[in-house]
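Novice: Just dropping this structure here.
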Amino acid sequence: MNYVSTRYRQNPRTAGRVIDDLVFVVTPDDNKLHTLNKTSAHLWTCLDAAPCTVDELAESLANRFAVEKAQAAQDVAEFCEDMVARCILEIAQ
Amino acid sequence: MSELSLSIGGIRILVRSDVAAAIEGMRERCASYESDTGDIDLIVRFAARSDFEPDEAPLRPYPGYSCRAESAELYRLWRRDAEGTVHIPTDPSEPIVADYTGLPTRGSLEAGVRVAMSLALPRHGGLMLHSSGVSGKPGALLFSGPSGAGKTTIARLLLAGSPVTALADDLAVIRRDTDGTWCAWATPFSGELKPARQSHAPIVAVHFLVQSDHHRRKPLTKAELVRALLRNMLAYVDEPQAAARALDAVIDLAERVDGYVLQFAKNQRIAQYLGLG
């Protein structure tokens with residue numbers, strides 16, 4: 001996976017809402033409810049505005065939570081891979 | 001063609017079937033819900049087929065309906081003895097129409113009405129919750145959980161031990177009024193309890209039940225309440241718009257009512273514990 005140029009976006013077939021720093025996402029295709037924690041919720045909210053690369057998400061995460069960008073990038077890459085597998089995110093064409 | 005005109009949870013429903021006995025059976029069960037006032041919100045039509053066999057095997061245990069969203073406007077439902085479609089028009093002034101065909105039993109007709117209602121309610125700012133409920137001076141208290149959690153048991157204990165009336169036994173309709181208040185409505189979809197005719201009350205709290213040897217109530221955070229409500233509502237969310245409506249309804253409800261995990265012992269002291277005795 002080329003994380004540098006790959007842009008991720010919210011799967012338009014999902015329904016998600018923020019409550020109390022968490023995000024609840026329903027993936028209708030498998031009728032599942034997913035709960036995203038505070039960090040994942042921040043990333044999911046970033047993707048609400050426009051598709052983003054791992055680097056862009058890592059920058060936002062590092063600024064928001066005062067962490068090293070390199071570590072943030074690794075966490076974001078894992079997050080995106082997991083979210084794509086769960087059909088919460090998809091790769092933007 | 002026989003027909004029956006009802007109002008359940010404030011939803012006006014017209015039920016039609018070519019099997020008079022099925023309609024009369026439902027009329028007997030829903031006697032206190034008959035109404036011919038107001039515009040029709042939901043039409044349920046049931047055509048009998050004595051040689052019915054479903055096209056697909058049901059995905060859910062009988063008597064549940066399996067459901068698939070063909071689009072935001074069209075749902076397909078099926079179970080062992082009936083199948084049908086529910087059409088939700090994009091124009092909200094037009095009634096939702098459910099068309100079923102199958103074996104003409106009271107169970108298949110009533111279940112068809114119940115499922116069609118669960119699809120119609122979100123359009124009217126409501127949803128169905130697997131819960132029992134009682135109505136007293138403070139308002140409606142709902143008790144939710146899966147089968148065997150004790151929904152009917154706790155309702156019976158409260159009815160015997162406090163000045164409350166039955167609102168629901170297994171399924172409650174909850175709807176948001178125009179002023180934002182969420183109310184619980186009695187329905188005829190009950191087992192052992194007989195809710196008062198057409199009654200409804202503003203919801204004070206929703207409790208999620210755990211059977212125990214003592215009484216203890218623990219408040220839920222808003223997020224915990226949202227999760228618990230989503231797990232216990234009767235809703236088909238296999239289509240994005242439906243999922244979004246369900247989420248919005250549940251989140252709004254969680255903003256306005258209190259939620260608790262309620263451990264309860266099978267004795268009438270629960271009424272006093274909940275401040276009803």
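Throughout, read-outs are computed from the coordinates displayed, never taken from laboratory work. It should be emphasised that the depicted structure is a prediction, and the values quoted were computed from it without experimental measurement. No Cβ is skipped: glycine too gets one built from the backbone with ideal geometry, and neighbour counts run over all protein chains shown.
Novice: To the nearest Å, what is the center-to-center distance of region B:97-122 and region A:1-43, using C-alpha atoms only?
Specialist: Between the Cα centre of region B:97-122 and that of region A:1-43, the gap is 34 Å.
Novice: So, in Å, what gap is there between the alpha-carbon centers of region B:209-277 and region B:8-85?
Specialist: Comparing the Cα centres of region B:209-277 and region B:8-85, I get a distance of 28 Å.
Novice: What three numbers, in Å, describe the spread of the alpha carbons of the protein assembly as shown along their principal axes, ordered from the longest?
Specialist: Ordered largest first, the protein assembly as shown gives principal extents of 70, 52, 37 Å.
Novice: Any idea what angle helix A:38-49 forms with the longest principal axis of chain A, computed on alpha-carbon atoms, 0 to 90 degrees, nearest 10?
Specialist: Between helix and principal axis, roughly 80 degrees.
Novice: When Rg is the radius of gyration of the Cα atoms in region B:28-102 and Rh is its Kirkwood radius, what does Rg/Rh come to?
Specialist: 1.02
Novice: Next up: To the nearest 0.05, what FRET efficiency results for B:Gln272 and B:Arg123 with a Förster distance of 51 Å applied to their C-beta separation?
Specialist: 0.80
Novice: Filter B:Lys137/B:Lys218; B:Lys137/B:Lys222; A:Lys32/B:Lys218; A:Lys38/B:Lys137; B:Lys137/B:Lys194; B:Lys194/B:Lys266 down to the pairs with a C-alpha to C-alpha distance above 28 Å, please.
Specialist: A:Lys38/B:Lys137
Novice: Suppose only helical runs count, i.e. DSSP H with n ≥ 4. What mean residue ellipticity at 222 nm does that imply for chain B under -39500 (n - 2.57) per run, divided by all residues and rounded to the nearest 500 deg cm²/dmol?
Specialist: -7500 deg cm²/dmol
Novice: Grab the DSSP H runs of chain A that are 4 residues or longer, score each as -39,500 (n - 2.57), total them, divide by all residues and round the 222 nm result to the nearest 500 deg cm²/dmol.
Specialist: -14000 deg cm²/dmol
Novice: Among the aspartates and glutamates, which have Cα under 15 Å from the Cα of B:Lys151 when same-chain residues fewer than 8 positions away are ignored?
Specialist: Counting by Cα, and skipping residues close in sequence, B:Lys151 has these aspartates and glutamates nearby: B:Asp169, B:Asp170, B:Glu192.
Novice: Tilt of helix B:106-120 relative to the longest C-alpha principal axis of chain B, in degrees (0 to 90, nearest 10)?
Specialist: The angle comes out at about 70 degrees.
Novice: Each label point is 7 Å from the Cα along the Cα-to-Cβ direction; what then is the distance between the points at A:Asp82 and A:Ala50, in nm?
Specialist: Label at A:Asp82, label at A:Ala50, 2.7 nm between them.
Novice: Separate question: If the convex hull of the alpha-carbon atoms of region B:90-217 is projected onto planes in all directions, what is the mean projected area in square nanometres?
Specialist: Averaged projected hull area, Cα only: 9.7 nm².
Novice: Net charge around B:Asp169, counting only other residues with Cβ within less than 12 Å of its Cβ (Lys, Arg = +1; Asp, Glu = -1)?
Specialist: Taking every Cβ under 12 Å from that of B:Asp169, the sum is +1.
Novice: Say we join alpha carbon atoms closer than 10 Å with springs in a Gaussian network model of chain B; which of B:Gly126, B:Gly180, B:Gly150 then has the biggest fluctuation?
Specialist: Maximum among the listed residues: B:Gly180.
Novice: To the nearest 20 debye, what is the magnitude of the charge dipole of chain A about its Cα centre, counting +1 on the Cβ of each Lys and Arg and -1 on the Cβ of each Asp and Glu?
Specialist: Dipole about the Cα centre, nearest 20: 220 debye.
Novice: Give me the aspartates and glutamates in straight-line cross-link reach of A:Lys69: C-alpha distance below 19 Å, same-chain residues under 8 apart excluded.
Specialist: A:Asp55, A:Glu56, A:Glu59, A:Glu78, A:Glu81
Novice: Let me ask another. Which value in Å does the Kirkwood hydrodynamic radius of region B:1-158 take, with 1/r averaged over all unlike C-alpha pairs and then inverted?
Specialist: 16.8
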